[in-house]
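Quick notes on the structure that follows.
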Amino acid sequence: MSEIAKPKAKRANKRERAKAAPAQGGSRLLRRVRELEGILCQQVNLRKLSSYLKASLTPAEAHAAVECFGPQLFQGTTGKLYLIHPPGDYLEHVATWGEASPNEATFPFRDCWALRRAQPHWVRDARAEPLCGHVTSVSKSVLPYLCVPLIAQGKMLGLLHVQRLKIESRPSENAGSIESGLDLAATVAEEVALALANLSLRETLQEQSIRDPLTGLHNRRFLEDSLIRELARAKRKTQPLSIILLDIDHFKRINDTFGHGAGDMVLRRLGLVLQAYVRESDIACRVGGEEFSLLLPEGPLQIAVQRAEDIRKAVHDMALKHEDQDLGTVTVSLGVATFPDHGTTADALIRAADQVLYDAKHKGRNRVVSASARKAMN
């Protein structure tokens, strides 16, 4: 090319680049708009997930929220939520989204790098980063994957595992884009962990409010609520409902002679006896002081009287010592009443059982008296 032609060619190239510049700029602008729309949609879904997690009343509802919003937040992925199963040596799957992944339903705590290091583990290339033991396939359909531990209030609760998590980015923005993608997963894990921790705390407080701390049995409040509920069920199904009230004989003498430590030990042992003689549907309570109760849904009077007699014998046969002191024989008196024969309301049924408990005390203690026997005597 001649020296005269070169400047002409340069000017032509400049004109072509000038014509292409608006199109390229428009393409970059459109791409940026789409990116911002994606981020906005992501933030909306994240806020929705957070709202549902905070409103969840049970862990199952929180798990369902994760299954609903997981695929919206991490499009094209397979995800699973695992929780650490007490005492903490393995994890159990509780929620999933996307296609079935090859991961096991449960796996040992030690199989996950994220849990062992207490920080996210991001694997893009199986040759560059170590795979977790719970990832049973190294095929391209699994990678990239991310494990994020669920940590709340300083306690490890579980794991968020996302497979095929692709973070698209241009080389110049690679680090920032990856950090943004990992931040989203970390935020989701943090929201889920906090919600599950709050639900666990709420459940613990609820349990403490209905439990007697000394014996581990339910308390009077729980008995009263349960009796109303079970009475309604018994009326609806026309089935019997029995209640046993029992009282430790001469309990004050035990406290006065051996001390309150011995008295507490007797109460705890009686609580264990009651737990040994209840069905899954029965409700054992410490009503207050040395008085206990046992609620038997669908339990007829005959069965309830036999259960009371079994408890009386078991308590009588206990060999109790406190600080190398033999406490001697401990006995209980028991009163039994049954719906509908001895009362059709909660107050009436408790009153009937309390009256025959008083009769058992009056007749010499260490015995079972039923409301039917009292009725026959009158």
Next item on the list: Filter the range 317-343 down to the residues that are at pLDDT 95 or above and not in a loop (DSSP other than H, G, I, E, B), then identify the one that is farthest from Ala262 (Cα to Cα).
Entry: Phe339
Note to self: Is it the case, given these coordinates, that Leu270 is modelled with pLDDT of 95 or more, part of a helix (DSSP H, G or I) and open to solvent by less than 30 Å² (accessible area, probe 1.4 Å)?
What the structure shows: yes
Note to self: Being surrounded by fewer than 21 Cβ atoms within 10 Å (Cβ to Cβ), of a type in the set (Gly, Ala, Ser), at pLDDT below 90 and within 22 Å of Ala60 (Cα to Cα) is the requirement here; does Ala126 meet it?
What the structure shows: no
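Here are some residues: Val336, Val332. Which one is of a type outside the set (Asp, Glu), open to solvent by less than 50 Å² (accessible area, probe 1.4 Å) and farther than 15 Å from Leu227 by Cα?
Values: Val336 fails: farther than 15 Å from Leu227 by Cα.
When all the criteria are applied, what remains is Val332.
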Note to self: Checking the structure you have, find out if any residue of the range 300-311 is part of a strand (DSSP E or B), touching a residue at least 12 places away in the same chain (Cβ under 8 Å), of a type outside the set (A, V, I, L, M, F, W, C) and surrounded by 22 or more Cβ atoms within 10 Å (Cβ to Cβ).
What the structure shows: no
Notebook entry, point to check: Can Leu357 be described as under 21 Å from Ser226 (Cβ atoms) and either touching a Phe, Trp or Tyr at 6+ places or on another chain (Cβ under 8 Å) or open to solvent by less than 30 Å² (accessible area, probe 1.4 Å) (or both)?
Noted result: yes
Item checked: Cross-chain or 6+ apart pairs with Cβ under 7 Å, the range 199-224 first and of a type in the set (Val, Ile, Thr), then open to solvent by less than 90 Å² (accessible area, probe 1.4 Å) -> Ile210/His218; Ile210/Asn219; Ile210/Phe222; Thr215/Leu267; Thr215/Gly271; Thr215/Arg286
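Looking only at the range 202-215, which residues are part of a loop (DSSP other than H, G, I, E, B) and open to solvent by 30 Å² or more (accessible area, probe 1.4 Å)? It would help to see each step written out before you state the result.
Looking only at the range 202-215, we keep the residues that are part of a loop (DSSP other than H, G, I, E, B), and these are 210, 212-215.
Scanning the range 202-215 gives Pro213, Leu214.
The values are calculated or read from the model by the stated rules, or taken from the named source; none is laboratory data. These numbers come from a predicted model, not from an experiment. Note that we place each Cβ from the backbone using ideal geometry, even for glycine, and neighbour counts take in every protein chain shown. Remember, those area values only see protein heavy atoms, side chains included, never the ligands or the DNA or RNA. Shrake-Rupley method; radii C 1.70, N 1.55, O 1.52, S 1.80 Å.
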